[in-house]
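S.K.: Mind looking over this structure? Questions follow.
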């Protein structure tokens, strides 16, 4: 059981079939990639009434790589450690994990040991194309809005709860 400073208790659990619609809603509202939203790969954060307030998944790719994806928290539940709790839980699956995020979110993921991938040759085949595209986009979109490809390859302890709350 976790506690959001303003909203109260929440817990993490594997998603259930009935969570598919709330997961889709959160992902669409956050304007994240809506493909491959299979509820069976998700972990959800739920409030005391079992309402989904956040979610995240580990998405497998054809080349065997795995992507940390669809990390999103309901706007009313942000700034309280929910995303950090989801991320720490999903990282238990072990490295390596890839992710694609907006560049402005890279510092959040760096706190958990993710590092930006700059060279296409250093990436998984599934992420080479995304990495090339992100380099091209950085020339035409506002700073912080281009996609950033990151990888987590080492087991790094998750920040303490106090550190997570202070940083968010």
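The values are calculated or read from the model by the stated rules, or taken from the named source; none is laboratory data. Owing to the predicted nature of the structure, the values given are computational and were not obtained by experimental measurement. A quick note on method: Cβ atoms are made from the backbone with ideal geometry, for glycine too, and the neighbour counts reach across all protein chains shown.
S.K.: Going through region 34-79 one residue at a time, which ones are within 17 Å of residue 102 (Cβ to Cβ) and touching a strand residue (DSSP E or B) at 6+ places or on another chain (Cβ under 7 Å)?
M.R.: 56, 67, 68, 69, 70, 71, 72, 73
S.K.: Within region 8-19, restricting attention to residues that are surrounded by fewer than 17 Cβ atoms within 10 Å (Cβ to Cβ) and in contact with a strand residue (DSSP E or B) (Cβ under 9 Å, 6 or more places away or on another chain), which residue is modelled with the lowest pLDDT?
M.R.: The initial filter retains those residues of region 8-19 that are surrounded by fewer than 17 Cβ atoms within 10 Å (Cβ to Cβ), namely 8-9, 11, 13-14, 16-18.
Retained after the next criterion (residues that are in contact with a strand residue (DSSP E or B) (Cβ under 9 Å, 6 or more places away or on another chain)): 8-9, 11, 13-14, 16.
Details: 8: 80, 9: 89, 11: 96, 13: 97, 14: 98, 16: 97.
Checking each candidate, the answer is 8.
S.K.: Continuing with this model, one more query. Quickly run through region 75-99 and pick out the residues that are surrounded by fewer than 19 Cβ atoms within 10 Å (Cβ to Cβ) and closer than 24 Å to residue 62 by Cβ.
M.R.: Those that are surrounded by fewer than 19 Cβ atoms within 10 Å (Cβ to Cβ) and closer than 24 Å to residue 62 by Cβ: 92, 93, 94, 95, 96.
S.K.: Within region 30-48, can you find the residues that are modelled with pLDDT under 95, farther than 11 Å from residue 70 by Cβ and within 15 Å of the chain's Cα centre (by Cα)?
M.R.: Within region 30-48, 31 is the sole residue that qualifies.
S.K.: Consider residue 116 carefully, then state whether it is touching a residue at least 24 places away in the same chain (Cβ under 8 Å) and over 11 Å from the mean Cα position of the chain (by Cα). Don't jump to the end; show me each part of the working.
M.R.: Working: touching a residue at least 24 places away in the same chain (Cβ under 8 Å): yes; over 11 Å from the mean Cα position of the chain (by Cα): yes.
In short, yes.
S.K.: If you don't mind, there's one more thing I want to ask. Could you go through region 153-164 and let me know if any residue there is more than 22 Å from residue 42 (Cβ to Cβ) and modelled with pLDDT of 80 or more.
M.R.: To start, the set of residues in region 153-164 that are more than 22 Å from residue 42 (Cβ to Cβ) comprises 153-157, 159-163.
From what is left, the residues that are modelled with pLDDT of 80 or more are 153.
Looking for residues that are more than 22 Å from residue 42 (Cβ to Cβ) and modelled with pLDDT of 80 or more, one finds at least one in region 153-164, hence yes.
S.K.: Same structure, new question: Test residue 84 against the criterion of being touching a helix residue (DSSP H, G or I) at 6+ places or on another chain (Cβ under 9 Å), assigned to a helix (DSSP H, G or I), under 27 Å from residue 117 (Cα atoms) and at pLDDT 90 or above, and give yes or no.
M.R.: Details: touching a helix residue (DSSP H, G or I) at 6+ places or on another chain (Cβ under 9 Å): yes; assigned to a helix (DSSP H, G or I): yes; under 27 Å from residue 117 (Cα atoms): yes; at pLDDT 90 or above: yes.
Answer is yes for this residue.
S.K.: Considering region 97-123 alone, what residues qualify as being closer than 18 Å to residue 70 by Cβ and not in a helix (DSSP H, G or I)?
M.R.: Within region 97-123, 97, 98, 99, 100, 101, 102, 112, 114 meet the criteria.
S.K.: May I ask you to say which residue of 51, 104, 25 is without any contact (Cβ under 8 Å) to a residue 24 or more places away in the chain and surrounded by fewer than 18 Cβ atoms within 10 Å (Cβ to Cβ)?
M.R.: 25
This table checks each residue for (1) over 13 Å from the mean Cα position of the chain (by Cα); (2) part of a helix (DSSP H, G or I).
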| residue | (1), (2) |
| --- | --- |
| 10 | yes, no |
| 13 | yes, no |
| 20 | yes, yes |
| 26 | no, yes |
| 50 | yes, no |
| 54 | no, no |
| 59 | no, no |
| 69 | no, no |
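S.K.: Being more than 17 Å from the chain's Cα centre (by Cα) and outside any helix (DSSP H, G or I) is the filter here, so list the residues in region 127-153 that pass it. Full working, then the answer.
M.R.: We begin by selecting, within region 127-153, every residue more than 17 Å from the chain's Cα centre (by Cα); these are 128-129, 131-143.
Matches in region 127-153: 138, 139, 140, 141, 142, 143.
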